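Q: The following block contains the structure, expressed as structure tokens.
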Amino acid sequence: MYKISIDELENSADKTLNLTFEDFISEINCVTPIHADIVIRSLGEFIEAKGHVSGTVKLECDLCLKEFDYNLDFDIDELFAKNSLLEEYGQELELKDGQFVTDLDGSDEIDIYDLLYQSVILNLPNKKVCGINCKGGNFLKEENLSDPRLDVFKNIQIKPKNK
């Protein structure tokens, strides 16, 4: 459905395709459709996909466990190797910060849906917090954090060493 044929890319004007994606990604809790404008360009043995992604997804706060909306707004810059990287490419390839090379291993198409899914997942925050003033829910209160197995350590007294 969202696959780009490499033959179509190679036969297009300037070996470039402009693609607009506007859809929900079923594996992600999307509030709005994910919108992406992507330019796909053949660079000989490699294919470059550059573009901008935006949309809103629903996340769960790591502190209070409440759901909140998170706005996506990031650029993608991906490289695809048309042939197997292990067999064909002995020369060095310079990668920019955050850039990856996906080995198509002779495949005749690129899955844009999968590219966007992976890009969204990689651009979600490591720590998901609903707001700067979130203090967490009741489960974070000190009395709820005690572990009865650790009660034995509450009354330990450490005596200083005699010199």
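Q: Do you know which residues across the stretch 40-56 are at pLDDT below 95 and hydroxyl-bearing (Ser, Thr, Tyr)?
A: Within the stretch 40-56, just Ser42 meets the criteria.
Q: For the stretch 1-12, name all the residues that are farther than 11 Å from Ser42 by Cα and either part of a helix (DSSP H, G or I) or of a type in the set (Lys, Arg) (or both).
A: Lys3, the sole residue that qualifies.
Q: From the list Leu59, Leu85, pick out the single residue that is touching an Asp or Glu at 6+ places or on another chain (Cβ under 8 Å), modelled with pLDDT under 90 and among the hydrophobic types (A, V, I, L, M, F, W, C).
A: Going through Leu59, Leu85 in turn, the sole match is Leu85.
Q: When the stretch 19-39 is examined, which residues are found to be more than 23 Å from Lys58 (Cα to Cα) and modelled with pLDDT of 95 or more?
A: Here is the first cut: in the stretch 19-39, the residues more than 23 Å from Lys58 (Cα to Cα) are 19, 38-39.
Those that are more than 23 Å from Lys58 (Cα to Cα) and modelled with pLDDT of 95 or more: Ile38, Val39.
Q: Okay, moving on. Which residues, taken from the stretch 22-74, are over 14 Å from the mean Cα position of the chain (by Cα), of a type in the set (Val, Ile, Thr) and within 30 Å of Asp105 (Cβ to Cβ)?
A: If the condition is that a residue be over 14 Å from the mean Cα position of the chain (by Cα), of a type in the set (Val, Ile, Thr) and within 30 Å of Asp105 (Cβ to Cβ), then Ile38, Val39, Ile40, Ile47 are the ones that fit.
Q: Of all residues in the stretch 106-133 being surrounded by fewer than 15 Cβ atoms within 10 Å (Cβ to Cβ) and over 25 Å from Asn18 (Cα atoms), which is nearest to the chain's Cα centre (by Cα)?
A: Leu124
Q: Among the listed residues Phe100, Phe80, which satisfies the condition of being of a type in the set (Phe, Trp, Tyr), at pLDDT below 95 and surrounded by 18 or more Cβ atoms within 10 Å (Cβ to Cβ)?
A: Going through Phe100, Phe80 in turn, the sole match is Phe80.
Q: If you don't mind, another one. Can you tell me which residue in the stretch 8-29 is nearest to Ile112 (Cα to Cα), limited to those that are surrounded by 17 or more Cβ atoms within 10 Å (Cβ to Cβ) and β-branched (Val, Ile, Thr)?
A: Once the filter is applied, the top-ranked residue is Ile25.
Q: Let me ask something else about it. Do the conditions hold for Thr32, that is, is it part of a strand (DSSP E or B), out of contact with any Pro (no Cβ under 7 Å at 6 or more places or on another chain) and either without any contact (Cβ under 8 Å) to a residue 12 or more places away in the chain or surrounded by fewer than 17 Cβ atoms within 10 Å (Cβ to Cβ) (or both)?
A: no
The values are calculated or read from the model by the stated rules, or taken from the named source; none is laboratory data. Being a predicted model, the structure only gives us computed values, none of them experimental. For neighbour counting, all protein chains shown are included, and Cβ atoms are generated from backbone atoms with ideal geometry for every residue, glycine included.
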